[in-house]
Amino acid sequence: MSDDAVSPEEVRHVAELARVDLADDEVDRFTGQFADILEYFETLDEVPEVDRDADLANVMRPDEERASLDSEEALRNAPETEDGYFKGPNVS
Amino acid sequence: MSENIFITEERIDGSDDGPLAGKTVAVKDNISTEGVRTTCGSRMLEDYVPPYDATVVSRLKDAGATIVGKANMDEFGMGTTTETSYFGETDNPAAPGHVPGGSSGGSAAAVAAGEADLALGSDTGGSVRCPAAFCGVVGIKPTYGLVSRYGLVAYGNSLEQIGPFGETVEEAASLLDVIAGSDDRDATTRETPLEADESYADAATGDVDGLSIGVPTELLEGADEGVVETFWDALAELEDRGAEYHEVSLPSVEHAVEAYYVIAMSEASSNLARFDGVRYGRSGGYDGNWNEAFATAREEGFGDEVKRRILLGTYALSAGYHDKYYKKAQDARAWVKQDFDEALSEADVLASPTMPVPPFELGESLDDPLQLYLADANTVPVNLADLPAISVPAGETDGLPVGLQLVGPAFGEERLIRAASALA
């Protein structure tokens with residue numbers, strides 16, 4: 001969608017990848033806005049390649065058991081649970 | 001309360017004594033509070049009650065502070081006006097009829113209205129400094145890694161820090177003293193550089209004698225005339241007190257806004273994938289397969305700006321576009337860091353207007369997202385460079401507050417606090 005104007009089909013495709021349903025009027029609105037925003041992002045082409053020498057050290061800790069939420073607390077915000085598990089929609 | 005400052009007004013008492021005993025604090029509603037609803041300004045989390053406290057909240061309680069409520073914000077921190085909140089807009093106590101800035105608009109407004117002595121916000125691309133500037137209060141964006149993000153609901157986690165608000169630099173610094181320092185629940189944190197007998201609040205001496213200030217010319221270009229005038233007046237005040245300034249150039253910041261938005265949206269598209277309506281949040285029901293149920297939950301739970309950023313981030317990371325957008329944005333980020341390092345090798349701090357414009361009128365800016373993104377031009381470079389910055393009131397233009405931003409070297413908060421305290 002970068003070289004020419006963004007199409008409504010492309011907006012629908014990305015929305016599907018992101019698992020976000022869109023109403024028809026949202027698709028129309030986003031199509032125009034995305035064209036403007038992506039055109040602006042195009043100016044990143046002018047950025048030179050830059051050496052990225054991150055001076056960082058990894059932080060590790062011993063892999064030891066420690067206290068965590070109990071399952072009742074962890075399940076408290078779930079819309080539905082069953083037998084101490086989260087309940088989700090069908091996987092298929 | 002007419003300003004709609006809080007999403008949830010609930011009192012959480014801290015311990016009996018401590019450095020913040022007797023102080024009231026407003027907490028942005030994306031910072032987890034055990035047993036108290038934390039919505040992120042979103043319908044998705046309208047009923048979400050965290051089972052644990054964010055590290056900064058535990059530290060507030062231990063310091064004796066009283067939390068007075070969860071402050072309104074742009075949905076998931078995505079906005080510059082607090083108007084994308086599912087719970088309605090917040091009015092600006094310092095400029096009624098205008099936005100309080102965002103995304104931590106409720107936090108800044110709470111301090112400006114006297115509803116709280118202090119407040120916590122989060123700053124991913126300016127979300128503490130912008131509302132501080134628009135509401136005429138002080139806001140600090142700490143160096144990346146100074147303050148724990150444990151319990152902060154993630155939006156752009158390589159960019160964001162929790163930061164304090166206060167009426168004065170000294171008060172904001174006293175809150176920074178409580179929340180700063182390493183946390184074994186956030187591996188990106190480290191200890192403050194302070195000696196045992198030092199504090200950030202003690203650095204608020206207002207002493208700017210001999211301070212060298214760099215003014216990046218790029219951050220004045222295109223700014224509102226009244227804002228620029230107010231900025232120079234404030235700088236003249238610092239000069240009168242012994243500081244000197246010179247102009248510096250940061251050529252990379254011309255690309256900072258697009259780099260910031262590509263990185264922030266990419267991180268958002270990944271971070272917000274967790275909201276599927278199964279473990280918490282709005283449910284998409286149990287009809288159809290899981291992809292359909294998740295897509296329904298996310299259609300109903302998220303507002304326009306959040307959807308926009310998730311979709312654009314998904315696009316920027318998708319096959320064939322990653323190198324074009326995300327990789328180039330990371331190059332730009334490294335370039336911005338280099339520019340700041342160079343400028344700060346010849347100046348103690350860098351100064352600019354915090355926002356290039358005065359506060360928008362409520363409702364004025366919602367239709368054109370790109371124009372609103374461009375308003376972040378002076379704040380986002382700092383997040384890309386992981387540096388600390390402070391916004392301090394500089395004065396007014398046509399009765400509207402203007403903020404002055406000071407940027408310092410990594411973990412140089414003391415220097416910023418000392419310099420900014422000459423103004424407030």
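If you take the beta carbon distance between A:Tyr40 and B:Glu229 as r and set R0 to 45 Å, what does 1/(1 + (r/R0)^6) give as a FRET efficiency, to the nearest 0.05?
Working: r = 29 Å, r/R0 = 0.64.
Here the calculated transfer efficiency is 0.95.
Return the FRET efficiency for the residue pair B:Asn289, B:Ala236: r is the Cβ-Cβ distance, R0 is 41 Å, and the value is rounded to the nearest 0.05.
Values: r = 65 Å, r/R0 = 1.59.
Efficiency computed from Cβ-Cβ geometry: 0.05.
Could you run the Karplus curve 6.51 cos²θ - 1.76 cosθ + 1.60 with θ = phi - 60° over region B:195-200 and give me ³J(HN,Hα) per residue in whole Hz, x for Gly and Pro?
Once rounded to whole Hz, the list reads 6, 4, 9, 9, 9, 5.
Any chance you could look up the accessible area of B:Asp233 with a 1.4 Å probe, heavy atoms only, rounded to 10 Å²?
B:Asp233 has an accessible surface of roughly 100 Å² with all protein chains in place.
What ³J(HN,Hα) values, in whole Hz, does the Karplus curve 6.51 cos²θ - 1.76 cosθ + 1.60 give for region B:266-283 when θ = phi - 60°, with x put for Gly and Pro?
So the J values, rounded to whole Hz, are 4, 5, 5, 5, 7, 4, 7, 5, 5, 8, 10, x, 9, 8, 6, x, 4, 7.
Pick out, from B:Gly285, B:Gly363, B:Val392, the residue whose Cα sits farthest towards the positive end of the charge dipole of region B:267-424, with +1 on the Cβ of Lys and Arg and -1 on the Cβ of Asp and Glu.
B:Gly285
Net charge near B:Leu416: determine it from the other residues with C-beta under 12 Å of the C-beta of B:Leu416, scoring Lys and Arg +1 and Asp and Glu -1. List each step's numbers first, then the result.
On the way: positive: B:Arg129, B:Lys141, B:Arg415, B:Arg418; negative: B:Asp348, B:Glu413, B:Glu414.
In short, +1.
Hey, rough spin-label estimate for B:Glu46 and A:Ala5, points 7 angstrom out along Cα→Cβ, what's it come to in nanometres?
Using points 7 Å along Cα→Cβ, the separation is 3.7 nm.
Which residues' amide hydrogens lie under 5 Å from the amide hydrogen of B:Gly395, considering only partners 5 or more residues apart or on another chain, with H built in the peptide plane?
B:Val402
Buried accessible area between A and B (1.4 Å probe, both chains summed, ligands and nucleic acids excluded), in Å² to the nearest 100? Could the numbers behind the result be given before it?
Working: alone 9270 and 15980 Å², together 20330 Å².
Roughly 4900 Å².
Counting pairwise Cα distances across the protein assembly as shown, what percent come out greater than 37 angstrom? Let's see the in-between values first.
Details: 33468 of 132870 pairs.
Percentage above 37 Å: 25.
To the nearest 20 debye, what is the magnitude of the charge dipole of chain B about its Cα centre, counting +1 on the Cβ of each Lys and Arg and -1 on the Cβ of each Asp and Glu? Working shown, then result.
Working: 28 positive and 73 negative charges, 338 e Å.
Result for chain B is approximately 1620 debye, rounded to the nearest 20.
Along Cα→Cβ, 7 Å out, is where each label goes; now give me the distance between the ones at B:Arg11 and A:Ala23 in nm to one decimal.
According to this spin-label approximation, the distance is 4.2 nm.
Which ³J(HN,Hα) values in Hz, rounded to whole numbers, follow from the phi angles of region A:30-37 under the Karplus curve 6.51 cos²θ - 1.76 cosθ + 1.60, where θ = phi - 60° and Gly and Pro get x?
Couplings: 5, 4, x, 5, 5, 4, 4, 5 Hz.
Summarise the partner chain shielding of B:269-279 as one whole number: the mean count of Cβ atoms from other chains within 10 Å of each residue's Cβ. Walk me through the numbers before you get to the answer.
On the way: counts 4, 0, 0, 2, 2, 0, 1, 3, 5, 8, 8.
Taking the mean over all residues of the peptide, I get 3.
In bins 10 Å wide, starting from 0, what share of all Cα pairs of region B:12-115 does each bin hold, as a percent?
Spelled out per bin, shortest first, that is 18, 43, 32, 8.
What is the magnitude of the charge dipole of the protein assembly as shown about its Cα centre, with +1 placed on the Cβ of each Lys and Arg, -1 on the Cβ of each Asp and Glu, and no other charges, expressed in debye to the nearest 20? Don't jump to the answer; show the numbers that get you there.
Details: 36 positive and 101 negative charges, 261 e Å.
Using Cβ point charges on Lys, Arg, Asp and Glu, the protein assembly as shown gives about 1260 debye.
Mind grabbing the accessible area of A:His13 for me, 1.4 Å probe, Å², rounded to tens?
100
Using a 10 Å cut-off around each Cβ of peptide A:47-57, what is the average number of partner chain Cβ atoms that fall inside?
Working: counts 15, 5, 5, 10, 4, 7, 1, 2, 0, 2, 0.
Across the residues of A:47-57, the mean count of other-chain Cβ atoms within 10 Å is 5.
Using the eigenvalues of the Cα gyration tensor, what equivalent ellipsoid semi-axes result for region B:52-175 when each is taken as the square root of five times the eigenvalue, whole Å, largest first?
Details: eigenvalues 80, 56, 35 Å².
In descending order the semi-axes read 20, 17, 13 Å.
Straight distance only, please: which aspartates and glutamates reach the Cα of B:Lys328 with their own Cα at less than 16 Å, same-chain residues fewer than 8 apart left out?
Within reach: A:Glu39, A:Glu42, A:Asp45, A:Glu46, A:Glu49, A:Asp51, A:Asp53, B:Glu254, B:Glu258, B:Glu267.
Work out how much length B:Ser270 to B:Asn157 would gain on full extension: take 0.36 nm times their residue separation and subtract the Cα-Cα distance, in nm to one decimal. List each step's numbers first, then the result.
Details: separation 113, 0.36 × 113 = 40.68 nm, distance 1.04 nm.
Extending this stretch completely gives an extra 39.6 nm.
Step by step: find N for region B:281-392, compute 2.2 N^0.38 Å, then divide the Cα radius of gyration by it. What's the final number? If you can, show how the numbers build up before the last one.
Numbers: Rg = 19.3 Å, N = 112, 2.2 N^0.38 = 13.2 Å.
Output field value: 1.46.
Out of residues 5 or more away from A:Val6 or on other chains, whose amide H comes under 5 Å of its own, with H placed 1.01 Å from N in the peptide plane?
The list, which skips near neighbours in sequence, is A:Ala35.
For the protein assembly as shown, with every protein chain kept in place, what is the accessible area per residue (1.4 Å probe, Å²)?
Value returned for the protein assembly as shown: 39 Å² of accessible area per residue.
May I ask you to rank B:Arg11, B:Arg309 by accessible area, largest first, using a 1.4 Å probe over the protein chains only?
Details: B:Arg11 160, B:Arg309 10 Å².
Descending order: B:Arg11, B:Arg309.
Of B:Lys61/B:Lys327; B:Lys61/B:Lys337; A:Lys87/B:Lys70; B:Lys70/B:Lys324; A:Lys87/B:Lys141; B:Lys28/B:Lys307, which ones are farther than 32 Å apart at the Cα? Mind showing how you got there, number by number?
Numbers: B:Lys61/B:Lys327 42 Å; B:Lys61/B:Lys337 36 Å; A:Lys87/B:Lys70 30 Å; B:Lys70/B:Lys324 40 Å; A:Lys87/B:Lys141 40 Å; B:Lys28/B:Lys307 21 Å.
Those over the limit are B:Lys61/B:Lys327; B:Lys61/B:Lys337; B:Lys70/B:Lys324; A:Lys87/B:Lys141.
As a test of reading the structure, rank B:Ser127, A:Ser7 by solvent-accessible area (1.4 Å probe, protein chains only), most first. Let's see the in-between values first.
On the way: B:Ser127 10, A:Ser7 30 Å².
Accessible-area ranking of B:Ser127, A:Ser7, largest first: A:Ser7, B:Ser127.
With contacts defined as alpha carbon pairs under 8 Å and 6 or more residues apart, what's the relative contact order of chain B in percent?
On the way: 1136 pairs, mean separation 80.9, N = 424.
Relative contact order here is 19 percent.
If you project the alpha carbons of chain B onto the principal axes, what extent comes out on each, in Å, largest first?
69, 55, 43
Give me the percent of the accessible area of chain B that comes from carbon and sulfur atoms, probe 1.4 Å, all protein chains in place.
Details: 5670 of 13570 Å².
Heavy-atom surface of chain B belonging to carbon and sulfur, 1.4 Å probe: 42 percent.
With both bridge residues required to lie in the protein assembly as shown, what share of the DSSP beta bridges run antiparallel, to the nearest 5%? Please report the intermediate quantities before stating the final value.
Values: 33 of 49 bridges.
Here the share of antiparallel DSSP bridges comes out near 65 percent.
With the crude spin-label approximation of a point 7 Å out along Cα→Cβ, what separation in nm comes out for B:Ser345 versus B:Gln371?
4.1
The values are calculated or read from the model by the stated rules, or taken from the named source; none is laboratory data. A quick note: this is a predicted structure, and the numbers were derived from the prediction, not measured. Neighbour counts run over all protein chains shown; Cβ positions are idealised from the backbone, glycine included. Calculation scope for accessible area: heavy atoms of the full protein, side chains included, ligands and nucleic acids excluded. Shrake-Rupley method; radii C 1.70, N 1.55, O 1.52, S 1.80 Å.
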